[in-house]
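The values are calculated or read from the model by the stated rules, or taken from the named source; none is laboratory data. For clarity, every value in this text was computed on a predicted model and none was experimentally measured. So basically every Cβ, Gly included, is an ideal-geometry build from the backbone, and we count neighbours across all protein chains shown. These area figures cover heavy atoms from the full protein model, side chains too; ligands, DNA and RNA do not enter into them. Shrake-Rupley method; radii C 1.70, N 1.55, O 1.52, S 1.80 Å.
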Amino acid sequence: MTEKNGIERISVKSGKDIDSFHGNTVMRKIETLFYVAFRGDRSYFWGREVIKHFCEFDLRKKPDCILSFYTPRAPLFLGRYFSKQLGVPWIADIQDPIYQGISNSSKFFAKVWMKHTLKTAKSIVHISPEWAAADGREIGRKMTTIRHAVPEDSPKIPSEFDAQFSMRFGDSFNVFYGGSLSPFIQSLELLNGVVQYALSININVRLLIAGNQGTYDLFKQEFGGQVAVHLGWLTPQQMNAYVHCCNCTLAVPWSKERIGVPSKFYELCSYKKPIWIIGNDIGGFTSILNEWKHPAIFIDDLEFQKKALISAATKNDYSLMFNIANCEGKIIKAANLYDEYSSVL
């Protein structure tokens, strides 16, 4: 499909089971090492299917360049392949660390495959300057940073939703969280400390969780069923309606391993609501807030975060939370993505 930003996106579903499990553990390890070393990963099967059916895609003209997004690794393989076939340059957009999903014992082979595959790329870009520097050193190529773009369009809000929401949640300070949560690299401990403090001074906080059951279970385990409410899977229209009616949205930093910013944050920026960023940030959010020139937010400071919630809940003052309108630095909008990629060709 052709996006408003001038980029044509091809969406292809996989008909192959790229994660099929081999019953023999030893054979599984051998197979995994083989695909990491010679094919990138098992998504190679999907990549071969794309090549096989390429003539069926409705491409009306030869592209100016090819953008390949990782993960999984097959799109990088496809970028290299079609760049050669069509005689056009390609850009590799590395949106995850190059060792994503790779065991320590396989890192050497993953690095060799990456270096070989990416050597023909005209440019390599990364999602954060921290990862660009670290992965650039690993494969010996300069990487530039192109952040996720902030969407600019939000669905319309059902007119009857406000009253329904007020009847159900009108007596509380409502915080919306959408997406996944990994207990291994994200922590709810600081958030829980602030929420429990608020409850102790009679501020009723509710966390409205949209998405899978597993994410809700993690919130429920931390906060209990009175605070955490599961909304289930939402359509874009429903999500927009809930965000519109909530007091703010919630972003939880990666507190281990991953230096960047969860991609859901960029989506939340498209809504006209403050974003409560709270957790054990290891530098990703600090970096982007400095880059966007937003007033200082002390993401992992308990007393600051208590003050942020109390100010919002009792005074309607959200100045201690993130507000995209308060940014003075450059923010990439979806309509400007074509220009961003063109600048690195």
Over the Cα atoms of the range 45-156, Rg to Rh with Kirkwood Rh, two decimal places?
1.00
Take every DSSP beta bridge with both residues inside the chain and express the antiparallel ones as a percent of the total, to the nearest 5.
10
Between Leu345 and Val112, Cβ-based FRET efficiency (R0 30 Å, step 0.05) works out to 0.65
Could you work out which residue, out of Lys61, Lys272, Lys220, moves most in a Gaussian network model of the chain, that is, has the largest mean-square fluctuation with Cα springs under 10 Å?
Lys61
Starting from the Cα-Cα distance between Glu291 and Ser311, subtract it from 0.36 nm times their residue separation and give me the gain in nm to one decimal.
4.6 nm
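When ranked by the protection proxy of mean other Cβ atoms within 10 Å per residue, highest first, what sequence do the peptides 65-76, 164-175 form?
Descending packing order for the listed peptides: 65-76, 164-175.
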Quick one: Debye curve from the C-alpha atoms of the range 147-220, no solvent, what's log10 I(q)/I(0) at q = 0.15, 0.18, 0.22 Å⁻¹?
-0.74, -0.99, -1.16
For the range 189-324, projected area of the alpha-carbon convex hull averaged over all directions, nm²:
8.0
The chain - percent of accessible surface contributed by carbon and sulfur, probe 1.4 Å
52
Residue-normalised value, i.e. accessible area per residue, for the range 259-342 at 1.4 Å probe, in Å², stands at 46
Over all directions, the chain yields a Cα convex hull whose mean projected area in nm² is 19.3
So between Phe54 and Thr145, what do we pick up on full extension, going 0.36 nm a residue minus the alpha carbon distance?
29.8 nm
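If R0 is 41 Å, what FRET efficiency do you get for Phe34 and Leu302 from their C-beta distance, rounded to 0.05?
That pair, Phe34 with Leu302, gives E of 0.25.
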Going out from 0 in 5 Å bins, what whole percent of all Cα-Cα distances in the range 88-230 drops into each bin?
2, 8, 12, 13, 11, 11, 12, 10, 9, 6, 5, 1, 0
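Compute the accessible area per residue over the range 71-113, keeping the other protein chains in place, probe 1.4 Å, unit Å².
For the range 71-113, the solvent-accessible area averages 44 Å² per residue.
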For the range 89-205: lysine pairs under 17 Å (alpha-carbon distance), excluding those fewer than 8 apart on one chain:
6
With a 10 Å cut-off between alpha carbons and a GNM built on the chain, which of Ser311, Ser182, Ser11 moves the most?
Ser11
Label Leu199 and Tyr99 with points 7 Å out from Cα along Cα→Cβ: what is the distance between them in nm?
3.9
With +1 on each Lys and Arg Cβ and -1 on each Asp and Glu Cβ, and nothing else charged, work out how big the dipole of the range 253-345 is about its Cα centre, in Debye to the nearest 20.
280
Across Thr117, Thr235, Thr32, the residue with the highest GNM fluctuation in the chain (Cα network, 10 Å cutoff) is Thr235
Theoretical gain in end-to-end length, Gln237 to Asn24 [0.36 nm per residue, Cα-Cα removed]:
72.1 nm
For Ser180 and Val12, what does the FRET efficiency come to when R0 = 22 Å and r is the distance between their Cβ atoms, rounded to the nearest 0.05?
0.45
Projected area, mean over directions - the range 86-150, Cα convex hull, nm²
5.1
